[in-house]
Amino acid sequence: MTGKYKGQSTCYVCEYGTAPTILAFFRKTGDQTADLIVKLNEFAEKMAQKNLKAVAILVEGPDSRAWLEKLAQDKSIKIPLVVLVNGPKDLGVRLYKINTEADNTFLVNNKRAVIANFANINDNTFQEVADASSKMLGGQ
């Protein structure tokens, strides 16, 4: 999609290894998803010196590709934006136990272990994700 492996299939969990990571799964495209991806990108850039990695994943599948590419270009998104190849039936949905009825799911991970799991985050509650991530990074 976008990022280092644009146009290739990759596993960002494998790529990021044990680095502190936010995996953000979004059910569908739209204004709220765009706003949250922008917030996630800004937070990841702010915390890059702490080695925080982030990726936004559209569960909707390949039909979301053009929307994500436009968002990345329009908003100068630097974090990887990807789609699940098989949409809601993708293996990643089962592996991470993503509720496909939730608008979004944010998994805050350290050393490949989920330390915080948030569903249905919005502009007003994104700070919960930021706070959990900051705490994971040592309170910074």
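The values are calculated or read from the model by the stated rules, or taken from the named source; none is laboratory data. Values in this document were obtained by computation on a predicted structure and should not be read as measured data. Heads up, the Cβs are rebuilt from the backbone with ideal geometry, glycines too, and the neighbour counts pull from every protein chain shown.
Here are the numbers:
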| read-out | value |
| --- | --- |
| Test: residue in segment 61-79 that is in contact with an Asp or Glu (Cβ under 9 Å, 6 or more places away or on another chain) and closer than 15 Å to residue 19 by Cβ | yes |
| Boolean, residue 56 is under 14 Å from the mean Cα position of the chain (by Cα), closer than 17 Å to residue 11 by Cα and among the hydrophobic types (A, V, I, L, M, F, W, C) | yes |
| Some residue of segment 44-56 being over 18 Å from residue 18 (Cβ atoms), in contact with a strand residue (DSSP E or B) (Cβ under 8 Å, 6 or more places away or on another chain) and not in a strand (DSSP E or B) | no |
| Residues (touching a residue at least 12 places away in the same chain (Cβ under 8 Å) and either of a type in the set (D, E, K, R) or touching a Leu at 6+ places or on another chain (Cβ under 6 Å) (or both)) located in segment 95-113 | 101, 103, 107, 111, 112 |
| Condition check for residue 43: in contact with a helix residue (DSSP H, G or I) (Cβ under 6 Å, 6 or more places away or on another chain), in contact (Cβ under 8 Å) with a residue 24 or more places away in the chain, aromatic (Phe, Trp, Tyr) and within 16 Å of residue 13 (Cα to Cα) | no |
| Conditions (1) at pLDDT 95 or above; (2) surrounded by fewer than 21 Cβ atoms within 10 Å (Cβ to Cβ); number of the one not met by residue 16 | (1) |
| Members of segment 90-133 found to be of a type in the set (A, V, I, L, M), modelled with pLDDT of 95 or more and surrounded by 15 or more Cβ atoms within 10 Å (Cβ to Cβ), listed by number | 102, 107, 108, 116, 121, 129, 130, 132 |
